[in-house]
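Scroll down for the structure; my scribbles are underneath it.
We did not get these values from a lab; they are worked out from the coordinates using the rules stated. Since the structure is predicted, the reported quantities are computational estimates derived from the model, not experimental observations. So basically every Cβ, Gly included, is an ideal-geometry build from the backbone, and we count neighbours across all protein chains shown.
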Amino acid sequence: MATYNVIEIGDDVLRAKAATVRRFDARLHRMLDDMADTMYDYDGVGLAAPQIGVSKRIVVIDVGDGLLELVNPEITEMHGNKLGVEGCLSVPEQQGYVYRAQKVHVKAQDRFGEPFEFDAEDLFARACQHEIDHLSGVLYVDKLASPSKQEIAALEAEEE
Ligand code: NI
């Protein structure tokens, strides 16, 4: 097991557009393994390669349903708009409100280059959008919402 140090906001690598992965080799597999270890070590629900200083289109996600590895992911459909609370391992000790699509359709490749696609909703959809944003150099703090008291109350009631 190997873990990386997560890079924090202020570093240029978090703002770069990540490159498409073209080699699905042992090096990629080791990076995916180490990214998962790092995500679990930091108690995160997702991690994108730029956060470990690698400007490539690679993401790992685990919102509690098991590890998902996404290479060259793209969101191809978005539906609905939902307020939620987000944090990011690259913006430590902070949380903020962000509107995200409630449902998304994602196309990606697995660690062997095999294409696959899936639908995601709610927290899973939010994690996909947050992590895929990292590949475009976008952080959740760029998208902070200022919800009304009523919207916050509704969100809290829903979470109870
Ligand atoms: Ni993040």
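For this structure, a couple of remarks:
- Computed on the chain, with alpha-carbon pairs under 8 angstrom and 6+ residues apart, the relative contact order is 24 percent.
- Backbone geometry of segment 44-59 corresponds, through the Karplus equation with coefficients 6.51, -1.76 and 1.60 at θ = phi - 60°, to 3J(HN,Hα) couplings of x, 9, x, 8, 10, 3, x, 6, 10, x, 10, 8, 9, 7, 9, 9 Hz, x marking Gly and Pro.
- Filtered trypsin sites (Lys or Arg not before Pro), segment 1-89: DSSP coil and at most 16 other beta carbons within 10 Å: 17, 22, 23
- Shape call, segment 36-131: gyration tensor on alpha carbons, a/c limit 1.5: oblate
- Computed helical MRE - 222 nm, the chain, DSSP H runs ≥ 4 contributing -39500 (n - 2.57), nearest 500: -8000 deg cm²/dmol
- Per-residue ³J(HN,Hα) for segment 86-93, Karplus 6.51 cos²θ - 1.76 cosθ + 1.60, θ = phi - 60°, Hz, x for Gly and Pro: 10, x, 8, 4, 8, 10, x, 6
- Residue by residue, segment 66-73 carries 3J(HN,Hα) couplings of x, 6, 10, 9, 10, 10, 6, x Hz when phi is fed to the Karplus relation 6.51 cos²θ - 1.76 cosθ + 1.60 (θ = phi - 60°); x denotes Gly or Pro.
- Nearest-20 debye value, the chain charge dipole, Cβ charges on Lys, Arg, Asp, Glu: 780
- The chymotrypsin sites (Phe, Trp or Tyr not before Pro) found in segment 98-145 that occupy coil by DSSP, while having at most 10 further C-beta atoms within 10 Å, are 112.
- When the C-alpha to C-alpha distance is required to be over 26 Å, the pairs from 56/107; 56/82; 17/149 that qualify are 56/82; 17/149.
- If you take all other residues with their beta carbon under 9 Å from the beta carbon of residue 24, and give Lys and Arg +1 and Asp and Glu -1, the sum is 0.
- Neighbourhood charge, 14 Å Cβ-Cβ cut-off, centred on residue 104 and excluding it, Lys, Arg +1 and Asp, Glu -1: -3
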